[in-house]
Amino acid sequence: MAGACRRGEAEVRQVGLIDLATQSGGLPREVPHAQAKSTDNPFAPITVEALEDFLGKEPLLFKPGRSVHYSNFAFDLFAIGMSKAANKP
């Protein structure tokens, strides 16, 4: 996801795992996404590509570390970051 940021690039690159874990990364609660085609998995449209797309288009709510705001999006990114850091799926 490193190359995903275009708009607000400097701020997004400053978001660290600690910001994601402490909900201080400036991310919204949810990533807007399309309706799931099946009720079996309503979260299927929330993919890494969808997260990257959002980061590339939308500014952060605030500069990382300046405030807190609960974010499922931050936990999704935190899980991806930890998975990559541990080299585990």
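Can you tell me which of P28, P42 is out of contact with any Asp or Glu (no Cβ under 6 Å at 6 or more places or on another chain) and modelled with pLDDT under 80?
One residue alone meets the criteria, P42.
Take region 45-89 and flag every residue that is basic (K, R), modelled with pLDDT of 85 or more and outside any helix (DSSP H, G or I).
Those that are basic (K, R), modelled with pLDDT of 85 or more and outside any helix (DSSP H, G or I): K63, R66.
If you scan region 13-35, which residues turn out to be of a type in the set (A, V, I, L, M, F, W, C) and in contact (Cβ under 8 Å) with a residue 40 or more places away in the chain?
Matches in region 13-35: V15, L17, L20, A21, L27, V31.
Pick from region 1-25 the residues that are in contact with a Pro (Cβ under 7 Å, 6 or more places away or on another chain) and more than 18 Å from F78 (Cα to Cα): which of them is modelled with the highest pLDDT?
Among those residues, the one meeting the criterion is G8.
The values are calculated or read from the model by the stated rules, or taken from the named source; none is laboratory data. Every value quoted in this text rests on a predicted model; they were computed, and no experiment measured them. Every residue, glycine as well, gets a Cβ built from its backbone with ideal geometry; the counts of neighbours run over all protein chains shown.
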